[in-house]
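Read through the structure below, which is laid out as structure tokens, and then see the notes.
The values are calculated or read from the model by the stated rules, or taken from the named source; none is laboratory data. Since we're looking at a predicted model, the values are computed, not measured. Because the Cβ atoms are built from the backbone with ideal geometry, glycine has one as well, and the counts that use them run over all protein chains shown. Calculation scope for accessible area: heavy atoms of the full protein, side chains included, ligands and nucleic acids excluded. Shrake-Rupley method; radii C 1.70, N 1.55, O 1.52, S 1.80 Å.
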Amino acid sequence: MAAEAGTPTPADVYRARARIAGRVARTPLLSSPRLARACGADTVSLKLEMLQLSGAFKLRGATNALLALAPEVCARGVVTASTGNHGRALAYAARAEGVACTVCLSGLVPENKAAAVRELGAEVVRTGDDQDAAVAEALRLAAEHGFSYIPPFDHAEVIAGQGTIGLELLEDAPDLDTVIVPLSGGGLLAGVALIVKAINPAVHIVGVSPERGAAMIESLRAGYPVEVAEEGTLADSLGGGIGLDNRHTFALVRGLVDEVVQVSEGEIAAAMRGLYRHERLVTEGAAAVGAALLARGGVPGGGGRVAALITGNNVDMDAFTRLVREND
Ligand SMILES: *Cc1c(COP(=O)(O)O)cnc(C)c1O
């Protein structure tokens, strides 16, 4: 693996854990005998990051990146351009530390999402017609006001923060054989795989993306970061590219992941229904892709003890209740 300067290490994950302790929830594992039966594993443990304080694991990376800044730099404020769970997480983390946060959103982002970020105390700047324009504006504001730009995944301290999930997993289930991780930009998979493989290289790490718009998987196939057409998916938090100038996550994911798999929209919907009806969990589509894979049958890696990361609950409740009332 080509380790670029500044690439996160397992030591960064331990540092992240010390930094964010007390500021993020230590989430529980829930055993799912149903999914264990479905895939033929001895046990399936669900890591409930949908119970994280901001509704998704991204609070770990955002909090770690914020606290890793020098105090005088942090005091000038932070900026990002994420519409989804990262924007919410950074707003949440900044408010907790009393730091100003700006979130740049394109005109395409629905007003209810912008309002949710404002409710977390961040300033929303509307700009342009697409995500690229929002990122450009965030970088411009960073240069103009001295804000620190905190991207959603391709950032060493964000990756290290997400990796703290791996530490908790191995403390609560030391004998895991397989860990199943939703995969988009790869900050989560890179962080978790970095620490899990450092502690136990035999653990089989599986990344799961939707069939639609799987930029990291297409990039792994190509051998370098590529762009894919954005397509609507129930797993909307897994949309978006990995950046043609990707610095960290592509190399880390390529070096550490054992297997990547794609799941269909129908499988994601059925997995959301299954998690709701049987485990009584409200999950967004991105959070259900691991359960979708297990419901297919067969344990990836062939191991007996499996953990799947249930990553977030940021779902429109009207759409969710409609979906769970439908039949498979
Ligand atoms: C961001 C996100 C992911 C994927 O994380 P990456 O670091 O982009 O791979 C998975 N699930 C949810 C709920 C997310 O918000």
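Quick notes on this structure:
- Selection status of residue 45, open to solvent by less than 50 Å² (accessible area, probe 1.4 Å), closer than 30 Å to residue 133 by Cβ and not in a helix (DSSP H, G or I): no
- When the criteria are applied in full, residue 226 meets the requirement of being touching a helix residue (DSSP H, G or I) at 6+ places or on another chain (Cβ under 8 Å), of a type outside the set (Lys, Arg), away from the ligand (no atom under 15 Å from the Cβ) and farther than 30 Å from residue 34 by Cβ.
- Which numbered condition residue 197 fails, given (1) under 26 Å from residue 169 (Cβ atoms); (2) touching a Gly at 6+ places or on another chain (Cβ under 7 Å); (3) charged (D, E, K, R): (2)
- Meets criteria (within 16 Å of the ligand (Cβ to nearest atom) and modelled with pLDDT under 95) for residue 84: yes
- Being crowded, with 21+ Cβ neighbours inside 10 Å and of a type in the set (A, V, I, L, M, F, W, C) is a property that holds for residue 250.
- Residue check: residue 158 meets all listed conditions (1) in a strand (DSSP E or B); (2) within 21 Å of residue 96 (Cα to Cα) but one, namely (1).
- The condition of being part of a loop (DSSP other than H, G, I, E, B), buried (at least 19 other Cβ atoms within 10 Å of the Cβ) and either on the phi > 0 side of the Ramachandran plot or free of Cβ contacts under 8 Å to residues at least 40 places away in the same chain (or both) holds for only one of 196, 103, 109, 117, that being 109.
- Residue list for the stretch 176-193, filter: over 18 Å from residue 131 (Cβ atoms) and outside any loop (DSSP other than H, G, I, E, B): 178, 179, 180, 181, 182, 188, 189, 190, 191, 192, 193
- Here residue 299 meets each of (1) touching a Ser or Thr at 6+ places or on another chain (Cβ under 6 Å); (2) buried (at least 21 other Cβ atoms within 10 Å of the Cβ) with one exception, condition (1).
- Restricting attention to the stretch 79-96, the residues that are part of a helix (DSSP H, G or I) and hydroxyl-bearing (Ser, Thr, Tyr) total 1.
- Scan of the stretch 254-296 for residues that are buried (at least 17 other Cβ atoms within 10 Å of the Cβ), more than 29 Å from residue 198 (Cβ to Cβ), among the small types (Gly, Ala, Ser) and touching an Asp or Glu at 6+ places or on another chain (Cβ under 8 Å), ordered by number: 269, 270, 285, 295
- Residue within the stretch 217-226 that is within 20 Å of residue 61 (Cβ to Cβ), free of Cβ contacts under 8 Å to residues at least 24 places away in the same chain and open to solvent by 30 Å² or more (accessible area, probe 1.4 Å) present: no
- Restricting attention to the stretch 51-78 and to residues that are outside any helix (DSSP H, G or I) and farther than 14 Å from residue 148 by Cβ, the residue that is farthest from the ligand (Cβ to nearest atom) turns out to be 53.
- For the stretch 206-216, a residue qualifies if it is surrounded by 23 or more Cβ atoms within 10 Å (Cβ to Cβ) and without any contact (Cβ under 8 Å) to a residue 60 or more places away in the chain, and the qualifying residues are 207, 214, 215, 216.
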